[in-house]
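S.K.: I have a structure here, written as structure tokens, and I will follow up with some questions on it.
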Amino acid sequence: MAFLVLAIWSAVFASHYRNPFFWDDYHCIRPYSAHELLSTFHGWDDPDKVETPALRPVAALLFAFQGVAFGENVIFHNVFETALTWILLFLLGLLLAELEFSTFQIGLVFGLFVFSRVFATLNMWLIQASLILSYTLMVSTILLFVRWIKRGRWLDFFLMMTAALLAVFTREEAYTLSVVALFVWACLPAYRKFWRQALAASATLLAITVFHIWMRRTFVPEAPAPKLTAESFQNFWLSIKSSWFPGGCITIGFTDDLLARLWIGFLFLVFILFIRMGRPLRIWQTAGLCCIGVVLASPAIAVAHSYGLALPALAFRAAIAMAIAEILIQMKMVSWFNKARRHALVAFLALGLVIGLAGGILRSKYVAEALHQNSALRMLYDANFVYDLYQRPTTVPEQRRETARSRFAAAGIFTVEDLQRLYQQCADYDPQLVKNRDTRRAPFLPKYSFNSY
């Protein structure tokens, strides 16, 4: 199922596989020296020290592998990233099956997730391979946690520890694993008697997190820490909201706004039906999935990214799938649901899902537009590495830099002064840049920024 959904997505967005390197790709995805790789185990994962300070040696190893294995071939890089995504979805399907999701429910989760803004921002940017790897390791950790609870095999426990250790040394999003594990256990009432195993596993995951935090503070004291400010909680809330919307919660234009409002209305009516018709156990489990989504969105309190919402989005999609399936099951058991009402309810649910998919696909196309090589906003991001505009020099493969400069020259950008003029045109919302969007043969302003919510 994961392969089929990704194959359809790849056919719809086939052009993105030829997109050139974007922004941080320029200096992160490249061959690393042995000294550089060794330094990532006791310092920044970015030897150039222009990225957010972090202790992520596994991410650096992944980038080095990509740089050596695929070089300057962006098609191979994109195919590799999609293959990582397939592994993520495959393991997610196994986890949902362990949580007693039906094939229908898993299909709903996959469809609503893959055809969404969140997925497009994840799978269309090469550097996000490290985030996908982290998500894969996190899902593997929870899958092995569930199997440890159910079967009590020590092999599952040690594999869980290994996956968690690799996850935290890839991305800090894995700090949430110990809390997520307890919520997952709470959603399995048949296994609550194994609370000792659940607490032992959660404590182990917490210990791994504390170990990484200690190492990060020791070797990378500049790394950002959560700040309990009004802005951080605003970003947290924005991340939660955006995770619910296939097409994003911030919209421009009548069509996008209408699809978002219709999706809100659909979710509200599904919620009412679910509360009235759902069994207490299913309501409890759905609430647990929503809590998991909130926990998975909590890294936004420290550093908020519109592209780092895949796991909270998946948790919320799972909650939606569980609610819809429960409504369909209970519909057959309620006496006042005659044949006509059943057909009407099924049509309503189908229409709501179509609205969600339409909003997600439309916004995904806007993400692809924002990453087009002639997108003015993208060009300004790329220029930081192409023309070495950071305070510190960056390590960019010379062939990659020259290829990018040739592309800039074809768009009429030769000097830093040309870049400053382009920046001013973007700031002034130049009518010519807006008009160029129709053909995309010259620098143009996309409808949405790549990092919009």
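The values are calculated or read from the model by the stated rules, or taken from the named source; none is laboratory data. The structure presented is a predicted model; accordingly, all values stated were derived computationally and were not measured. Using ideal geometry, Cβ is built from the backbone for each residue, glycine included, and neighbour counts are taken over all protein chains shown.
S.K.: So how many residues does the range 388-413 have that are farther than 13 Å from Ala442 by Cα and not in a helix (DSSP H, G or I)? Let's see the steps before the verdict.
M.R.: Going residue by residue through the range 388-413, those that are farther than 13 Å from Ala442 by Cα are 388-406.
Next, only the ones that are not in a helix (DSSP H, G or I) stay: 388-397.
Going through the range 388-413 one residue at a time, the tally reaches 10.
S.K.: Conditions first: (1) under 26 Å from Trp263 (Cβ atoms); (2) surrounded by 21 or more Cβ atoms within 10 Å (Cβ to Cβ); (3) within 19 Å of the chain's Cα centre (by Cα). Ala59 passes all but one, so which condition is the exception?
M.R.: (1) is the only condition that Ala59 fails.
S.K.: Here's something else I'd like to know. Among the residues of the range 414-440, count how many are within 12 Å of Ser375 (Cβ to Cβ) and outside any helix (DSSP H, G or I).
M.R.: Restricting attention to the range 414-440, the residues satisfying the condition of being within 12 Å of Ser375 (Cβ to Cβ) are 422, 426, 433, 436-437, 440.
So of that shortlist, the ones also outside any helix (DSSP H, G or I) come out as 440.
The total comes to 1.
S.K.: While we're looking at this one, here's another question. From Leu92, Leu108, grab the single residue that is at negative phi, assigned to a helix (DSSP H, G or I) and crowded, with 23+ Cβ neighbours inside 10 Å. Before you say what the answer is, go through the steps one by one.
M.R.: Details: Leu108 fails: crowded, with 23+ Cβ neighbours inside 10 Å.
Answer to the selection: Leu92.
S.K.: What are the residues in the range 181-229 that are surrounded by 18 or more Cβ atoms within 10 Å (Cβ to Cβ), closer than 20 Å to Glu98 by Cα and of a type in the set (Ser, Thr, Tyr), if any?
M.R.: Of everything in the range 181-229, just one residue is surrounded by 18 or more Cβ atoms within 10 Å (Cβ to Cβ), closer than 20 Å to Glu98 by Cα and of a type in the set (Ser, Thr, Tyr), namely Ser202.
S.K.: Still on this structure, please answer the following. Being under 22 Å from Pro20 (Cβ atoms), among the acidic types (Asp, Glu) and in contact with a helix residue (DSSP H, G or I) (Cβ under 9 Å, 6 or more places away or on another chain) is the filter here, so list the residues in the range 402-453 that pass it.
M.R.: Once the filter is applied, which keeps residues that are under 22 Å from Pro20 (Cβ atoms), among the acidic types (Asp, Glu) and in contact with a helix residue (DSSP H, G or I) (Cβ under 9 Å, 6 or more places away or on another chain), the range 402-453 yields only Asp418.
S.K.: Starting from the range 25-50, keep only residues that are within 16 Å of Ala129 (Cα to Cα), then list their pairs with residues that are at pLDDT below 80 and not aromatic (Phe, Trp, Tyr) whose Cβ atoms are within a distance under 6 Å, requiring at least 6 positions of separation or different chains.
M.R.: His27/Asp48
S.K.: Would you pick out the residues in the range 158-171 that are crowded, with 19+ Cβ neighbours inside 10 Å and aromatic (Phe, Trp, Tyr)?
M.R.: Phe169
S.K.: Moving on. Mind listing just one residue for me: the one in the range 423-433 that is surrounded by 15 or more Cβ atoms within 10 Å (Cβ to Cβ) and of a type outside the set (D, E, K, R) and, of those, nearest to Ala410 (Cα to Cα)? Show your work before the answer.
M.R.: Taking the range 423-433 first, the residues surrounded by 15 or more Cβ atoms within 10 Å (Cβ to Cβ) are 423, 425-426, 430, 433.
When the remaining residues are screened for being of a type outside the set (D, E, K, R), the result is 423, 425-426, 433.
Details: Tyr423: 17, Gln425: 18, Cys426: 19, Leu433: 16 Å.
Ranking the candidates gives Leu433 first.
S.K.: Based on what the data block shows, is Lys150 farther than 20 Å from Ala315 by Cα and touching an Asp or Glu at 6+ places or on another chain (Cβ under 8 Å)?
M.R.: On the way: farther than 20 Å from Ala315 by Cα: yes; touching an Asp or Glu at 6+ places or on another chain (Cβ under 8 Å): yes.
Answer is yes for this residue.
S.K.: Return yes when Val146 is buried (at least 20 other Cβ atoms within 10 Å of the Cβ), of a type outside the set (Gly, Ala, Ser) and free of Cβ contacts under 8 Å to residues at least 60 places away in the same chain and no when it is not.
M.R.: Numbers: buried (at least 20 other Cβ atoms within 10 Å of the Cβ): yes; of a type outside the set (Gly, Ala, Ser): yes; free of Cβ contacts under 8 Å to residues at least 60 places away in the same chain: yes.
For Val146, the condition - buried (at least 20 other Cβ atoms within 10 Å of the Cβ), of a type outside the set (Gly, Ala, Ser) and free of Cβ contacts under 8 Å to residues at least 60 places away in the same chain - is met.
S.K.: Still on this structure: How many residues does the range 374-404 contain that are basic (Lys, Arg) and more than 15 Å from Arg30 (Cα to Cα)? Even if it seems obvious, please write down each step before you answer.
M.R.: We begin by selecting, within the range 374-404, every residue basic (Lys, Arg); these are 378, 392, 400-401.
Cutting the leftovers down to more than 15 Å from Arg30 (Cα to Cα) gives us 378, 392.
Looking only at that region, the number is 2.
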